[in-house]
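Structure first, then comments.
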Amino acid sequence: MARALEIQGIATSIISWNRAVTEPIMPPRAVYTKLDRGSVLGRPNDPVQQRRVLEAGIRQLEKDSPAESIRLNESIKTE
Amino acid sequence: LEILKNRDQWQAEFENGWLAHYRQSGKFDWKLYTRPKNTTSIQNPGIDLSNSRLMLISSAGGYLKDYQQPFDFKNDLGDYSIRQFPLSTPLDSLAYAHDHYKHDAIDQDPQVVLPLRHLEDLHNEGLLGKLSDTVISFMGYQPDVIRVLEETIPAVIETATTEKIRSALLIPV
C-alpha cells in the first residue's frame with residue numbers, strides 16, 4: 001500500500017512492531033519497535049510512550065525515500 | 001514501477017498453494033503462503049510537515065459502531081473493503097472487527113493503534129500543519145494480495161486523491 005501511495009506522489013511512513021514481515025516489502029520510510037501486535041504505538045494509557053513512537057514515525061516523512069529505517073527500543077515492558 | 005514484483009508468480013503460488021489447500025481441507029497451512037516482498041526501493045522526496053496534509057491509515061478494523069457495517073472478520077479469506085470516519089471521531093464511537101489480534105490493549109486505550117487525539121494534539125502544537133479529517137480504516141487480515149491490489153488500494157487511492165493529501169502514516173496492527 002505504501003508503494004501504491006508513493007507512486008501517486010504521496011510520502012508514506014509505516015510504524016511496525018514486526019520488522020521480519022515489514023522489512024522485506026522495502027517500505028519507503030519505517031520505524032520499527034519492540035512493541036506488540038495490538039499495541040503498535042505503546043502501552044495502554046501511556047500517552048508519553050505512544051507520542052514518542054508516533055512522532056518518530058511522523059518525522060520519517062521529512063526524509064527522502066528510501067530513508068534509513070529507525071529502530072526504537074520501545075517495548076510493552078514498563079520502564 | 002511495480003507495486004508488487006512478480007505479481008503473476010505470486011498469484012500462481014497463492015492459488016495453487018495456500019488457497020488450494022484451504023479449499024480442499026478447510027484449514028490454513030501458512031507454510032504454503034508466500035509473503036510478498038520487493039527487491040527495489042522507491043525514491044520520493046520527503047515532505048515539509050508544516051505544509052503537507054497528512055492522513056492516517058489503520059488496519060485495526062475500526063469502524064463507527066452505530067453507523068457502519070463491521071468488517072467481515074469471520075471470513076477466512078479476508079475482507080478487502082475500507083471504511084472512512086472523521087479524525088474527530090470520539091474514541092468510544094469506534095468498534096473493531098478484526099480477530100487476528102488481542103483487543104485487551106485497544107479496549108483499554110484505543111490510541112495504542114488509532115492515535116486520533118494524539119494527531120490532533122500534534123496539529124494544535126504545530127508539528128503537523130495540515131491534517132486530513134478523514135481516517136482510512138481496513139481490516140488487516142487480507143491474505144489475497146491480488147485482491148488488495150485490485151480492491152483495497154484503489155479505494156485508498158481514491159480517498160487520498162479526494163482528500164488531496166501529501167503524506168500518509170500507516171499503522172498496521
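The values are calculated or read from the model by the stated rules, or taken from the named source; none is laboratory data. Since we're looking at a predicted model, the values are computed, not measured. Here Cβ is always computed from backbone atoms with ideal geometry, including for glycine, and neighbour counts include all displayed protein chains.
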(message) Can you say whether residue A:29 is more than 7 Å from every other protein chain (Cβ to nearest Cβ) and within 24 Å of residue B:149 (Cβ to Cβ), as far as the supplied structure shows?
(response) yes
(message) So if I check each of A:59, A:29, which one is charged (D, E, K, R), touching a helix residue (DSSP H, G or I) at 6+ places or on another chain (Cβ under 7 Å), closer than 27 Å to residue B:162 by Cβ and modelled with pLDDT of 95 or more?
(response) A:29
(request) Please verify whether the stretch A:16-23 includes one or more residues that are touching an Asp or Glu at 6+ places or on another chain (Cβ under 9 Å), under 26 Å from residue B:103 (Cβ atoms) and facing chain B (nearest Cβ under 7 Å). (result) yes
(message) Suppose we keep only residues that are assigned to a loop (DSSP other than H, G, I, E, B) and surrounded by fewer than 17 Cβ atoms within 10 Å (Cβ to Cβ) within the stretch B:120-139. Which one would you say is farthest from the chain's Cα centre (by Cα)?
(response) B:126
(message) If the requirement is being touching a His at 6+ places or on another chain (Cβ under 6 Å), closer than 13 Å to residue B:170 by Cβ and crowded, with 19+ Cβ neighbours inside 10 Å, which of these qualifies: A:41, A:5, A:61, A:54?
(response) A:54
(request) May I ask you to say which residue of A:42, A:9 is of a type outside the set (D, E, K, R) and touching a helix residue (DSSP H, G or I) at 6+ places or on another chain (Cβ under 6 Å)? (result) A:42
(request) For residue B:157, indicate whether it is closer than 21 Å to residue A:61 by Cβ, hydrophobic (A, V, I, L, M, F, W, C) and part of a strand (DSSP E or B). (result) no
